[in-house]
Amino acid sequence: MKFSVTVTLKKDVLDPQGKVVQTTLKNLGFAELRSVRQGKFFEVEVDELDQRKAEIKIKEMCEKLLVNLIIEDYKIVKI
Amino acid sequence: MKSSVIVFPGSNCDRDIAVALEKMQFKNQMIWHKETTLPKSDLIVIPGGFSYGDYLRSGAIAGKSSIINEVIKAANSGCLILGICNGFQILTETGLLKGTLLRNKNLKFINKDVYIKVMNTASRFTSKYQNNQILKINIAHNEGNYFTDKKHREELQKENLIAFKYCDESGNISQNSNPNGALDNIAGIFNLKKNILGMMPHPERMVDKFISNDDGVNLFSSLIN
Amino acid sequence: MKITNKIIENHGLKKDEYKNIQKFLKRDPNILELGIFSAMWNEHCSYKSSKVHLKKLPTKGKQVIQGPGENAGVIDIGDNDAIIFKIESHNHPSFIEPYQGAATGVGGILRDVFTMGARPIALLNSIHFGSPTHPKTKSLLNGVVSGIGGYGNCIGIPTVAGETKFNETYNENILVNAMAVGHAKKDKIFYSKAKGINKSVVYVGSKTGRDGIHGASMASAEFDENSEEKKPTVQVGDPFTEKLLLEACLELMKDNSIISIQDMGAAGLTSSSVEMASKGSLGIELELDKVPCREENMTPYEMMLSESQERMLIILEDGKENHARKIFDKWDLDFVVIGRTNNSKNLTLKFNGKVEGEIPIEALAEKAPVYNRKWIKKKLTKNKVNVKSLKKIKLENALIKIISSPNHSNKNWVTEQFDQMVMCDTAQRSGSDAAIIRIHNKDKAIAVSVDSSANYCKSHPISGGKQIVAENWRNLISVGAKPLAITNCLNFGNPENEIVMGEFAECLEGIREACEYLEYPVVSGNVSFYNGTNKKNIYPTPVIGGVGLIKKLTEPLTHCFKNFGSKIIIVGKTFGHLEQSCFLKEIHSIIDGKPPDINLLNEKNNGEVVLKLINDKLVSSAHDISSGGLIIALSEMSIGNKIGVKINKPHNLMNLTEYFFGEDQGRYILEINEENLKKVEKILKSNNTYYENIGYTQENFFEIDGEVKINTNELFKINNQWYNNF
């Protein structure tokens, strides 16, 4: 079973990279641009048939390693 | 000879290269990235550093700046262009040089003196060196792992476009003497017309025996003629 | 909002302190005011527990332009050149988020230095981790090292020296101390003292977000099991913006636009505005609706206490606004006039036209609480270690074990992650006793080093305090620099604990004594208390950062042997003091007894003579003898250029282990060309300096008569393996 994990900085945490990308896109003429946040993306595959159990495992992986809960949030989606 | 050093927000080797150029008798000007025209120059240097913090990808944002269009125009009309470290990364982002620079294979920033071998002295940048001369030169980067596609790799070999390769003290080119995982130990390349050189090592750090050595001097003295 | 006891406690304020707040205001504070008091009165900003002791330190000298009390210390190195430097801790944030904690630590100390008008020219660090086998150590080390590198490399300031140490006392509380050194023209130094009324107070730099609200309070709170919950106070560093801020500030500093300038560090807008007003005996009124905010709906409380990085507060001369704004526009930084100075001597905070808070400045600054906390003298042990009763170990095996141990291994793994060369003035990089930075476009240079000795300080705080100052002084001497002044970062446990407070008082007493004797004043520093977890305090760890001057840099002197067949001499007497030595700790796991005595008279004499020999170009390489004793120092000199030695056994009947591993102070090893030997001996004798000829350098082998014989290539390999396998 395969999942995507998206890790982004928490809403209130400064995202210097997103900020620079945002300014550059604006300078390139994308006037409608509202905001950009940069994050990380993982594809995680596990040997587990029960989706609920798999998600619990992946949540554990996130909290133990993939995500720094101090500054980051994450989202798990089955793909 | 007139040189221009392009300064991006986050460039940090701009002063170092200016000092080296002036020491080698270039008439140098610093060009702020917001300028829309370039003064007439024989050499344009894109210095090392972390333009725009190297956020997104190294060199990616600088590659979209207004002054870069002028650099591309100058390059196409044959002006000499030297990109060092972040400058090399920017040149690959603009397409003036092919290939790209990936993260170092050990995933860490590396700053140390390494050895490189001069692979081609038939260029405006390297004529004062001996063929196969070994230089001791400083590297300082996170993304110096050169990579390119098969076709370009063949072209690099066929057209003799590799300027420098990482080697050991006695000139052996092997994985052991490859600090960052670069394809074929590539440390610097030319474009097809050889008016553009991109290199990861810092020649401007090697022009003062007092601080390091003078192995970088001949690169600048090749250019001044 | 009603101020409850719970709220007061959450703000780290004691009941008595709250009563004082009521007295100063003649009413109850509102939540905004309470937050401001809490930020200004906590340990980090007020130095309330340390002040009485810090006052005793020598801070003056003819080389001192500015001592403690400003953003950083300033010393005179002649020819209108000044060096501005300071060290600061970022221990707690780095434990919680090692990369960002260390990175913002570097960012903060850099701002302290360029706020004063200096272009930063060097970064140093002193980082201490728990036991190498502790499960957290590896990721903390990785994170901290890449965080320090990430910030310094990006902003383009060379990280040139430092120390990386392991000790289980830091298992749950690592230390991350960063030092920045800058260069300015002596007549172009900027201070934080406000002057004149109705002047514009300008906010420049990054926008304000909800970063690290109450970070300064966190830095002064002990960790407990719930420290995970304190996490949201860690900030993210943005070295790119700091680089812009650095260049913009230096550009504005070229003329006379700035009256005063202060970076927004701990307690952000609060401490910067209070500091400026307090020093100038003025008042400040801020219109908080003008503060550039990153988030929506930020409250005055959040704006005043935010610790968002890369921000500065500037008081401008009349009529300079447009000129200054142009510069900050060029660098894409915010520039907003958010207030004015006045003569009310109050901090007045307005939001949407309404006064939200008003506090007398003196209540926040000079009238902040000061505690003369109870402390007890360290009970000193008289235990002696009888070396004959210990399990026998061959010199060679002990040497190998020590130079392959984490604390004595080659640290290239760490230092290669730092750009040491950018700015092209690093004449000597990490690895020798001190780094050497040339002053740009001049032929003079400064030498810099950071040092600490937690084990010594734990067992005998006074000796320990003296020893670090002396060792730091020796490290500068060893590269041919005249030591000028120091900055100190005082990392201690909970000051409410009498033992900890005793360690603090006595370490400072030692530092004072050594600094006074060596004429080596303290010009800046930082105190970090509450290092420890659950009542377990760390070993007292004062860290000393020293700066010395090389008047004319010809060739940097390294500690590596240069030639075969040179004579090797030790300056200073070897007694064989083993208690608290690296040998007993690494080989026998014994941490007992008192550290070696510091004889300041000999220390000074030996140092001055060695400096003379170096200046007279009579020395090929020099190294001070410190942790591990004579044999470790010799091996370090051998490893650099893979040049071996042949060392005689001592003439007297001293025990070999004591002779080679003893950590007696005030000693240097010098490599002398045969032809210079007579001259050198004459100078040593005429200065009544004790020295011994102990052997000579040779090819291939590190050798001690009949005891040790190791190939230098092998020695190099042994010294490098620990980090390589890390």
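The values are calculated or read from the model by the stated rules, or taken from the named source; none is laboratory data. In this text, all values refer to a predicted model and were calculated from it rather than measured experimentally. Glycine gets a Cβ as well: all are built from the backbone with ideal geometry, and neighbour counts include every protein chain shown.
Quick notes on this one:
- Identity of the residue in region C:290-321, under 18 Å from residue C:354 (Cα atoms) and either out of contact with any helix residue (DSSP H, G or I) (no Cβ under 7 Å at 6 or more places or on another chain) or charged (D, E, K, R) (or both), that ends up farthest from the other protein chains (Cβ to nearest Cβ): C:290
- Considering C:715, C:618, the condition of being touching a residue at least 60 places away in the same chain (Cβ under 8 Å) and part of a loop (DSSP other than H, G, I, E, B) is satisfied by C:618 alone.
- 2 or more residues modelled with pLDDT of 95 or more and within 14 Å of another protein chain (Cβ to nearest Cβ): qualifying helices (runs of 4 or more DSSP H) within region C:191-289: C:239-252
- When every residue of region C:422-442 is checked against the conditions, none turns out to be surrounded by fewer than 19 Cβ atoms within 10 Å (Cβ to Cβ), modelled with pLDDT of 95 or more and of a type in the set (Asp, Glu).
- No other residue among C:69, C:130 is surrounded by fewer than 24 Cβ atoms within 10 Å (Cβ to Cβ) and at positive phi apart from C:69.
Residue-by-condition table, conditions (1) under 33 Å from the mean Cα position of the chain (by Cα); (2) closer than 24 Å to residue C:470 by Cα:
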position: C:631; (1), (2): yes, yes
position: C:677; (1), (2): no, no
position: C:683; (1), (2): no, yes
position: C:691; (1), (2): yes, yes
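- Among the residues of region C:580-603, at least one is in contact with a helix residue (DSSP H, G or I) (Cβ under 6 Å, 6 or more places away or on another chain), of a type in the set (Asp, Glu) and over 28 Å from residue C:708 (Cβ atoms).
- Region B:59-94, residues that are within 12 Å of chain A (Cβ to nearest Cβ) and assigned to a loop (DSSP other than H, G, I, E, B): B:60, B:61, B:65
- Output for region C:400-427, where each listed residue is within 10 Å of another protein chain (Cβ to nearest Cβ), part of a helix (DSSP H, G or I) and of a type in the set (A, V, I, L, M, F, W, C): C:413
- For residue C:621, the conditions (1) surrounded by fewer than 24 Cβ atoms within 10 Å (Cβ to Cβ); (2) closer than 25 Å to residue C:713 by Cβ; (3) in contact with a strand residue (DSSP E or B) (Cβ under 8 Å, 6 or more places away or on another chain); (4) not acidic (Asp, Glu) all hold with the exception of (1).
- If the condition is being closer than 15 Å to residue B:82 by Cα, within 11 Å of chain C (Cβ to nearest Cβ) and among the hydrophobic types (A, V, I, L, M, F, W, C), then region B:14-36 contributes B:17, B:18, B:20.
- Taking the conditions (1) within 14 Å of chain C (Cβ to nearest Cβ); (2) under 17 Å from the mean Cα position of the chain (by Cα) in turn, residue B:187 satisfies each one other than (1).
- Residue B:112 being within 14 Å of another protein chain (Cβ to nearest Cβ) and modelled with pLDDT of 95 or more: yes
- Filter result for the condition that a residue is more than 24 Å from residue C:91 (Cβ to Cβ), among the small types (Gly, Ala, Ser) and touching a residue at least 60 places away in the same chain (Cβ under 8 Å), over C:283, C:237, C:265: C:283
- When B:101, B:97 are checked against the criterion of being assigned to a loop (DSSP other than H, G, I, E, B), in contact (Cβ under 8 Å) with a residue 60 or more places away in the chain and under 14 Å from the mean Cα position of the chain (by Cα), B:97 stands alone in meeting it.
- Residue count for region C:95-121 under the criterion of being part of a helix (DSSP H, G or I), of a type outside the set (A, V, I, L, M, F, W, C) and closer than 28 Å to residue C:66 by Cβ: the result is 6.
- Residues in region C:527-559 that are at pLDDT below 95 and outside any loop (DSSP other than H, G, I, E, B): C:532, C:533, C:536.
- Number of residues in region C:595-606 that are under 17 Å from residue C:509 (Cα atoms) and either charged (D, E, K, R) or in contact with a strand residue (DSSP E or B) (Cβ under 9 Å, 6 or more places away or on another chain) (or both) equals 1.
- If you filter region B:212-223 down to residues that are within 13 Å of chain C (Cβ to nearest Cβ) and surrounded by 19 or more Cβ atoms within 10 Å (Cβ to Cβ), you find that the one that is farthest from the chain's Cα centre (by Cα) is B:212.
- Screening region C:11-68 for helices (runs of 4 or more DSSP H) wholly inside it with 2 or more residues that are at pLDDT 95 or above and of a type outside the set (S, T, N, Q) returns the ranges C:15-25, C:31-41, C:51-54.
- Considering only residues in region A:29-64 that are over 16 Å from residue A:5 (Cα atoms) and in contact with a Gly (Cβ under 8 Å, 6 or more places away or on another chain), the one that is surrounded by the fewest Cβ atoms within 10 Å (Cβ to Cβ) turns out to be A:35.
- Region C:560-601: number of residues that are on the phi < 0 side of the Ramachandran plot and assigned to a loop (DSSP other than H, G, I, E, B): 22
- Across region C:534-566, the qualifying residues are those that are closer than 17 Å to residue C:641 by Cβ and charged (D, E, K, R), and the one among them that is surrounded by the most Cβ atoms within 10 Å (Cβ to Cβ) is C:562.
Matching residues to (1) touching a helix residue (DSSP H, G or I) at 6+ places or on another chain (Cβ under 7 Å); (2) free of Cβ contacts under 8 Å to residues at least 12 places away in the same chain; (3) away from chain A (no Cβ under 14 Å); (4) under 30 Å from residue C:19 (Cβ atoms):
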site: C:39; (1), (2), (3), (4): yes, no, yes, yes
site: C:57; (1), (2), (3), (4): yes, no, yes, no
site: C:60; (1), (2), (3), (4): no, no, yes, no
site: C:71; (1), (2), (3), (4): yes, no, yes, no
site: C:74; (1), (2), (3), (4): no, no, yes, no
site: C:80; (1), (2), (3), (4): no, no, yes, no
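- Residue check, residue B:145 at pLDDT 95 or above, within 12 Å of another protein chain (Cβ to nearest Cβ), farther than 13 Å from residue B:188 by Cβ and buried (at least 21 other Cβ atoms within 10 Å of the Cβ): no
- Those residues of region B:11-37 which are over 20 Å from residue B:221 (Cβ atoms), modelled with pLDDT of 95 or more and in a loop (DSSP other than H, G, I, E, B), in sequence order: B:12
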